[in-house]
Amino acid sequence: MNRFFVNPLQVNAEDNEIIIQGDDVKHISKVLRLTEGDEIEICDGEAWEYIGRIQRIDKSEVTAAIIGREPLKTEAKLHVILYQGLPKGTKMELILQKTTEMGIAEIVPVITDRAVVQLKDQKDKEKKAERWYKITEEAAKQSKRGIIPEVHVPISFNDALKQSASNDMNILAYEKESQKGLKALLTHSKDKSMRKIGLWIGPEGGFTEEEISLALQNNVNTVTLGPRILRTETAGFALLSMVMYELGDLGGN
């Protein structure tokens, strides 16, 4: 069953219906060719998911009658934020898709010293973030997520560190780290009531020594992911899956 996301304000409990607007209207009518009477899944992105039966399809909106409602069950209690050093080419798209499938809550693109991608101005940054959000939205629909992960406008490494100060823990994958492993760190932290974790991944050239030094000064834990060097588009998947398995909901109860 096809899944769509709406704002909670588009859910009309009194009339027992949901109004779908925006790009999804064309997708429902022109791409999927759904018609009146077809059933769809609808999430409000906060607490509930619905089964709706299409009643009307207009040019600007689709109206669906609510025939079922349940609390969201597909979201992990662990809130994981990916601080991703901007990669080049289309690698960011792959990172967005796969981390969304695995349960990421937020993605913060970080402008690092070794980032190849050059963003002209704030407008360029916002345009990128808007495009990236659409990619996460499609991945969230496909993977039956209850929310669409938040994609932030790219920020500097220093601003990312300030933002991450409120996290319960921050973990940075560092190829030169040889003493501290992720397994030991997570095992030691299992008994703590952590709900918000930041994961830091560098761009193709990795983080500079100055960035690592600054991260350590801001209580970021550097860890090794093993003896092999992972690409920037692989490291985030690996780190997220390990953390979600140990502290989240991958692997079941």
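The values are calculated or read from the model by the stated rules, or taken from the named source; none is laboratory data. Predicted, not measured: the structure shown is a model, and the values here were computed from it. Quick reminder, even Gly has a Cβ in these numbers, built from the backbone with ideal geometry, and neighbours come from all protein chains shown.
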Q | Scope the range 142-164; condition under 11 Å from GLU101 (Cβ atoms) and in a helix (DSSP H, G or I); matching residues | A | GLN142
Q. Which of the residues belonging to the range 33-51 are in a loop (DSSP other than H, G, I, E, B) and touching a residue at least 12 places away in the same chain (Cβ under 8 Å)?
A. LEU34, THR35, GLU36, GLY37, ASP38, ASP44, GLY45, GLU46, ALA47
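Let's see how each residue does on (1) outside the structural domain of HIS27 (by TED's automatic domain parsing); (2) touching a strand residue (DSSP E or B) at 6+ places or on another chain (Cβ under 7 Å); (3) closer than 25 Å to VAL220 by Cα; (4) not in a strand (DSSP E or B):
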| position | (1), (2), (3), (4) |
| --- | --- |
| ALA64 | no, yes, no, no |
| GLN84 | yes, yes, yes, no |
| GLN97 | yes, no, no, yes |
| ILE107 | yes, yes, yes, no |
| ALA115 | yes, yes, yes, yes |
| LYS128 | yes, no, no, yes |
| TRP132 | yes, yes, no, yes |
Q. Scanning for something over 18 Å from the mean Cα position of the chain (by Cα), surrounded by 13 or more Cβ atoms within 10 Å (Cβ to Cβ) and among the charged types (D, E, K, R), does the range 149-159 turn up at least one residue?
A. yes
Q.
For the range 79-93, give me the residue count where each residue is out of contact with any Pro (no Cβ under 8 Å at 6 or more places or on another chain) and within 18 Å of LYS127 (Cα to Cα).
A. 4
Q) Would you pick out the residues in the range 212-253 that are charged (D, E, K, R), more than 16 Å from the chain's Cα centre (by Cα) and either surrounded by fewer than 16 Cβ atoms within 10 Å (Cβ to Cβ) or in a loop (DSSP other than H, G, I, E, B) (or both)? A) ARG228, ARG231
